[in-house]
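The values are calculated or read from the model by the stated rules, or taken from the named source; none is laboratory data. What you see is a predicted model, and the numbers here were worked out from it, not measured in a lab. Please note: Cβ atoms are built from the backbone with ideal geometry, for glycine as well, and neighbour counts cover all protein chains shown. With ligands, DNA and RNA removed, areas are computed over all heavy atoms of the protein, side chains included. Shrake-Rupley method; radii C 1.70, N 1.55, O 1.52, S 1.80 Å.
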Amino acid sequence: MAHVSAGVEYALHSLLLLIDAEELGQPASARDLAELQKIPAEYVAKLFTKLQKAGIVIAREGIGGGFALARPASDITALDVIEAVDGRKALFECKEIRGQCALFADSTPAWAKDSVCSIHAVMIEAEKRAREVMASHTLAAIAGRAASKAPKEHAGQVKDWLAARTPQRRRRGASAGAK
């Protein structure tokens with residue numbers, strides 16, 4: 001959590017698109033999600049491998065297959081996605097600098113080593129609060145905020161775009177099988 005990667009942002013956007021695909025009753029491929037966001041398909045595939053391992057998405061096999069949410073959007077938090085993509089990293093890693101003071105020579109007093117230092121204590125509190133905030137925001141809530149911000153026709157355009165992709169994937173699969 002020291003740094004939330006761009007992968008988390010792309011994963012969250014992709015998951016919001018899966019909500020739209022779910023409303024259509026069809027999964028979305030990593031290729032389609034990548035094309036819609038103008039990012040490499042391989043990158044989205046790597047993100048979705050992590051999301052699948054974390055139980056956030058499931059893969060549907062076969063022609064016209066793709067990815068779908070593994071559980072309701074209201075049960076998936078931003079923290080779930082961050083930890084799936086970036087892992088669970090500490091915000092701060094204490095280097096025990098306080099014990100290295102030149103005044104202590106080679107004999108650091110116990111008061112300087114005992115318990116968590118005041119700087120580390122602040123960082124622990126900050127991380128706890130950040131995790132609480134991220135855990136309080138679900139995909140469903142984020143999708144609701146995004147929908148309220150975008151023009152109403154945008155959601156329809158996204159769904160139309162995704163709906164048009166599934167028949168193309170079926171045709172690609174059928175022509176590949178006929179060769």
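Overview of results
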read-out	value
Extended-chain gain in nm, criterion 0.36 nm per residue less alpha-carbon gap, VAL133 and CYS94	11.7 nm
Tilt relative to the chain, helix 152-178 - C-alpha long axis, 0 to 90 degrees, to 10	70
Cα-centre dipole for the stretch 10-74 with unit charges at Cβ (Lys and Arg positive, Asp and Glu negative), debye to 20	300
Interchain or long-range residues, amide H under 5 Å from ALA28's placed H	PHE67
For the stretch 122-127, Karplus couplings with θ = phi - 60° (6.51, -1.76, 1.60), whole Hz, Gly/Pro x	5, 5, 4, 5, 4, 5
Accessible area of the chain belonging to carbon and sulfur atoms, whole % at 1.4 Å probe	58
Label-point separation, ASP160 to ARG145 (7 Å along Cα→Cβ), nm	2.9
Accessible surface, the stretch 84-147, averaged per residue in Å² (probe 1.4 Å)	70
Unit Cα scatterers, Debye sum, the chain: log10 I(q)/I(0) for q = 0.09, 0.11 Å⁻¹	-0.45, -0.58
Angle between the chain longest axis and helix 6-24 axis [Cα atoms, degrees, rounded to 10]	40
